[in-house]
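**Student:** First the structure, then my questions, so here it is.
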Amino acid sequence: MSFRTYLLEQMGQIRPVTSRPMFGGLCFFADGRAFALADDGVLYFKVDDSNRPDFIAAGMGPFLPFGDPGKPMGYYELPEDVLEDPELLAIWMAKAIAVAARAKTKPRSNPKRK
């Protein structure tokens, strides 16, 4: 079983989840919102000030796609035990999806028509 299939099965027990390749890894969506990503066999969930302390308390770190600690993305590594426990996974997923729902999207630029 591939890592992608495993992740879809684990998270799919909680709610419908889809994935697609992005930036060399995988991005996972619930309700059309990107709430998780996987890269190099590691799953990361979207964070903000509301759920970041959970990850820090579990000893997890941020996703550093370019290896620069000064430029972390808004995703933290999910503890393996959470992925194995459907009750915990449901809680952590709900928080990450809520973060994704609150995330501001950049407005598209509208070039002036001539």
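The values are calculated or read from the model by the stated rules, or taken from the named source; none is laboratory data. Not measured: the values here are computed from a predicted model. Glycine also receives a Cβ, built like all others from the backbone with ideal geometry; neighbour counts cover every protein chain displayed. Each accessible area value is taken on the protein alone, full model and side chains, heavy atoms only, with ligands, DNA and RNA left out. Shrake-Rupley method; radii C 1.70, N 1.55, O 1.52, S 1.80 Å.
**Student:** Using R₀ = 25 Å, calculate the FRET efficiency as 1/(1 + (r/R₀)^6) where r is the Cβ-Cβ separation of A58 and R20; round to 0.05.
**Tutor:** Working: r = 27 Å, r/R0 = 1.09.
After rounding, the FRET efficiency stands at 0.35.
**Student:** How large is ³J(HN,Hα) for each residue in the range 11-28, as worked out from phi by the Karplus curve 6.51 cos²θ - 1.76 cosθ + 1.60 (θ = phi - 60°), to whole Hz, x for Gly and Pro?
**Tutor:** Couplings: 6, x, 5, 8, 6, x, 9, 10, 9, 7, x, 8, 6, x, x, 10, 10, 10 Hz.
**Student:** Give the relative contact order (percent, whole number) for the chain; include only Cα pairs under 8 Å separated by 6+ residues. Could you put the intermediate results ahead of the total?
**Tutor:** Numbers: 141 pairs, mean separation 26.4, N = 114.
Worked out over the chain, it gives 23 percent.
**Student:** So how strong a dipole does the chain carry about its Cα centre when Lys and Arg Cβ are +1 and Asp and Glu Cβ are -1, to the nearest 20 debye? Intermediate values should be presented prior to the final figure.
**Tutor:** Values: 15 positive and 14 negative charges, 283 e Å.
Dipole size: approximately 1360 debye.
**Student:** While we're on this one: Per residue, how much accessible area does the chain show when a 1.4 Å probe rolls over the protein heavy atoms, in square angstrom? Mind dumping the intermediate values first?
**Tutor:** Details: 7580 Å² over 114 residues.
Per residue, the chain has an accessible area of 66 Å².
**Student:** To continue, here is another question. Quick check for you: which residues of the range 23-62 have the amide N under 14 Å from the point 7 Å beyond the Cα of Y6 toward its beta carbon?
**Tutor:** Inside the label zone: 38-44.
**Student:** What nm value, rounded to one decimal, do you get for the distance between E84 and S50 when each label is placed 7 Å out toward the C-beta?
**Tutor:** Between E84 and S50, the simple spin-label model gives 2.9 nm.
**Student:** A further question follows. Considering the chain, what Rg and Dmax in Å follow from its alpha-carbon atoms?
**Tutor:** 15.0, 57
**Student:** Please check which bits of the range 54-88 a label hung off R102 would reach, taking the label as a point 7 Å along Cα-to-C-beta and the cut-off as backbone N under 13 Å.
**Tutor:** Once the point is set 7 Å along Cα→Cβ of R102, 54 turn out to lie under 13 Å by backbone N, inside the range 54-88.
**Student:** Cα gyration tensor of the range 18-71, axes a ≥ b ≥ c as square roots of the eigenvalues: rounded (a/c below 1.5), prolate (a/b > b/c) or oblate?
**Tutor:** On the way: a/c = 2.04, a/b = 1.25, b/c = 1.63.
It is oblate, given that a/c is not under 1.5 and a/b is not larger than b/c.
**Student:** What part of the accessible area of the chain, given as a whole %, is carbon or sulfur when the probe is 1.4 angstrom?
**Tutor:** On the way: 4070 of 7580 Å².
Carbon and sulfur together cover 54 percent of it.
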